[in-house]
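A.B. asks: Here it is, the structure, as structure tokens.
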Amino acid sequence: MNVQQASLWLLGAMLVLYSVHTHGLRRCQVSMDTRHIEESFQEIKRAIQAKDIFQNVTILSTSEALQSIKPSDVCCMTKNVLAFYVDRVFKDHQEPNPRVLRKISSIANSFLYMQRALQRCQEQKRCHCRQEATNATKIIHDNYDQLEVRSAAVKSLGELDVFLAWIDKNNQETSTA
Amino acid sequence: MQTLTIVLGEVWTNLTMWCFYAFIPCLLIDGVAILPAPQNLSVHSVNMKHLLTWSPVTVPGETVYYSVEYQGEYESLYTSHIWIPSGCCALTAGPECDVTDDITATVPYSLRVRATLGPQTSAWSTLKHPFNRNSTILTPPRMEVTRDGFHLVIELEDLGPHFEFLVAYWRREPGAKEHVKVVRSGGIPEHLETMEPGATYCVKVQTLVKAIGRHSDFSQAECVEVQGEALPLVLALCALAGFVLILVVVPLSIWKMGRLLQYSCCPVVVLPDTLKITNSPQKLISCRREEVDACATAVLSSEELFRAWI
């Protein structure tokens, strides 16, 4: 192989690598301002977590779930966990305290707004769900189903800070990418 | 005939009683509800401050109170029976309620109000169209542009945590570039630029609200002029005078100090001419003897002369 052929081959390889890289970057860029949600949660965190009687069990924090998610699966996973909270957790939790109810309502409606934003990305084919994300979502639902519904809802509410921190971390990585 | 009359009477009594019992629920909805429900509910929202207003329910001589409840889109879709009491207006006197702290997401919110007077409560009156905070009116912010020496400083009004500001400033001259700076919060003086004397600088600002993805219009531009054409000339003259002074004074001082040091450390002794010796020391001693002899001879001669005179 002469020099000309080698340089052409190298150029071709670089082009291939570049296109793969930019495809990975063409993710769903949604502004996730979770600051006010975190503030709302901090105000009720103690009250919620005090009701969680199953301290040795976790729903979100297992290694197969959120922590092992690759960057290309972040959009799908975010969408799935938002749906988990909106469709199951908030509905299953009966809150008698008006102060806590106001904060949960604020979080629930904010999650609904974020879901809508991610829905637009999905319609534009920018939020593809691979098998890994689907499996991780199933693990979360299975963990939830293993507990009695009210206990599971309280525990999931108590782990909101885990989910919010995960969103923040992945948002920063997306913005620096 | 009598039987018919009796039967008709019984039917009439039953009918009357039936109607009476039928109307009781109408009178007893939500407690003893004879108060009219508030009307004309509307939300007036400016710069992310949302005010719910309604026409007051007036009862002569009495103060009517109102209860406000809300329901976000989540509640209306998933738990439609749940209405949440407003944080500020669970029970309020005025025909208005600041629902800013209740409307905390960018989704449609339903709002409802009812009147209360003692044990009496009215029916709920619901806002006709749900309110979404992304319809808030955004106005250009107030700003104060000041000059601190040569520093261009701006202070923006504090509109709360939802607001950031986009500040544009430029030097007012043809072809000048417009600079842009994002200020995260108002109420604190912000330094924009160090200005050049004799120039005019202009500033305009708009608000950004990320939560609803919108911004206001730009404010009117405000300009400040920096005086100072004479000042550099005065400074230059002073600098020149100082430089000349330094050129003269410093060498003079150095020379004077040198002389002082010379006299202090290594003084030079100079003999007067009369004490200078040009011959050898032996000759000097013999000359001195001859001089003494000459002096002695000269003295005898004087005594003789004196005796002779006496």
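Nothing in this text is a laboratory measurement; each read-out follows from the coordinates by a stated rule. Computed from a predicted model, the values in this text were never measured in an experiment. Ideal geometry is used to build each Cβ from the backbone, glycine not excepted, and the neighbour counts take in all protein chains shown.
A.B. asks: For segment B:99-148, report the translational diffusion coefficient in µm²/s to the nearest whole number, using Stokes-Einstein at 37 °C, 0.692 mPa s, and a Kirkwood Rh over Cα pairs.
C.D. replies: 225 µm²/s
A.B. asks: Here's something else I'd like to know. Could you name the aspartates and glutamates in cross-link range of A:LYS45, using Cα to Cα under 14 Å and dropping any fewer than eight places away on the same chain?
C.D. replies: Cα-Cα hits under 14 Å: A:GLU95, A:GLU159, A:ASP161.
A.B. asks: Taking the inverse of the average 1/r across all pairs of different Cα atoms in segment A:33-128, what Kirkwood radius in Å do you get?
C.D. replies: Every distinct Cα pair counted, the radius reaches 15.0 Å.
A.B. asks: Just need log10 I(q)/I(0) for segment B:172-233 at q = 0.19, 0.23, 0.26, 0.27 Å⁻¹, Debye formula, equal scatterers on the alpha-carbon atoms, no solvent, rounded to two decimals.
C.D. replies: Values returned for q = 0.19, 0.23, 0.26, 0.27 Å⁻¹ are -0.89, -1.14, -1.29, -1.33.
A.B. asks: Just tell me which lysines come within less than 20 Å, Cα to Cα, of A:LYS125; anything on the same chain fewer than 8 places away is out.
C.D. replies: Here the lysines satisfying the reach criterion relative to A:LYS125 are A:LYS70, A:LYS79.
A.B. asks: Take peptides B:252-259, B:205-212 and line them up by average Cβ neighbours within 10 Å, highest first, as a rough protection proxy.
C.D. replies: Per-residue mean Cβ counts within 10 Å order the peptides as B:205-212, B:252-259.
A.B. asks: Continuing with this model, one more query. Pairs to check: A:LYS155/B:LYS128; A:LYS169/B:LYS49; A:LYS103/B:LYS210; A:LYS91/A:LYS138. Give those whose C-alpha atoms are more than 29 Å from each other in this structure.
C.D. replies: Going by Cα-Cα distance, A:LYS155/B:LYS128; A:LYS169/B:LYS49 fall outside the 29 Å limit.
A.B. asks: Here's a follow-up. Could you check how many percent of all C-alpha pairs in segment B:71-122 are farther apart than 13 Å?
C.D. replies: Cα-Cα pairs in segment B:71-122 separated by more than 13 Å: 62 percent.
A.B. asks: Step by step: find N for segment B:150-198, compute 2.2 N^0.38 Å, then divide the Cα radius of gyration by it. What's the final number?
C.D. replies: Here the Cα radius of gyration is 1.29 times the empirical estimate.
A.B. asks: Calculate how large, on average over all directions, the projected area of the Cα convex hull of segment B:116-260 is; give the answer in nm² to one decimal.
C.D. replies: 19.4 nm²
A.B. asks: If you take the square roots of the eigenvalues of the alpha-carbon gyration tensor of segment B:80-195 and sort them as a ≥ b ≥ c, do you get rounded (a/c under 1.5), prolate (a/b over b/c) or oblate?
C.D. replies: prolate
A.B. asks: FRET efficiency for A:ASN135 and B:ASN134, Cβ-Cβ distance as r, R0 = 30 Å, nearest 0.05?
C.D. replies: 0.25
A.B. asks: Would you mind giving the mean number of other chain beta-carbons within 10 Å of the Cβ of each residue in A:109-117, as a whole number?
C.D. replies: Rounded to a whole number, the mean comes out at 5.
A.B. asks: What nm value, rounded to one decimal, do you get for the distance between A:ARG116 and B:LEU117 when each label is placed 7 Å out toward the C-beta?
C.D. replies: So the two model labels end up 4.0 nm from each other.
A.B. asks: OK, next. Taking only the Cα atoms of segment B:122-188, how large is their convex hull per residue, in Å³?
C.D. replies: Dividing the Cα hull volume of segment B:122-188 by its residues yields 150 Å³.
A.B. asks: What are the aspartates and glutamates whose alpha-carbon lies under 16 Å from the alpha-carbon of B:LYS177, with same-chain residues fewer than 8 places away excluded?
C.D. replies: B:GLU193, B:GLU196
A.B. asks: Calculate the mean, over all residues of peptide A:89-97, of how many other protein chain Cβ atoms lie within 10 angstrom of the residue's Cβ.
C.D. replies: Mean shielding by partner chains, rounded to a whole number: 1.
A.B. asks: Could you sort B:167-174, A:52-59, A:151-158 so that the peptide with the highest average Cβ count within 10 Å comes first and the rest follow in order?
C.D. replies: My ranking of the peptides, most packed first, is A:151-158, B:167-174, A:52-59.
A.B. asks: Separate question: Average partner chain C-beta neighbours within 10 Å, per residue of B:205-216?
C.D. replies: Mean inter-chain Cβ contacts per residue within 10 Å come to 1.
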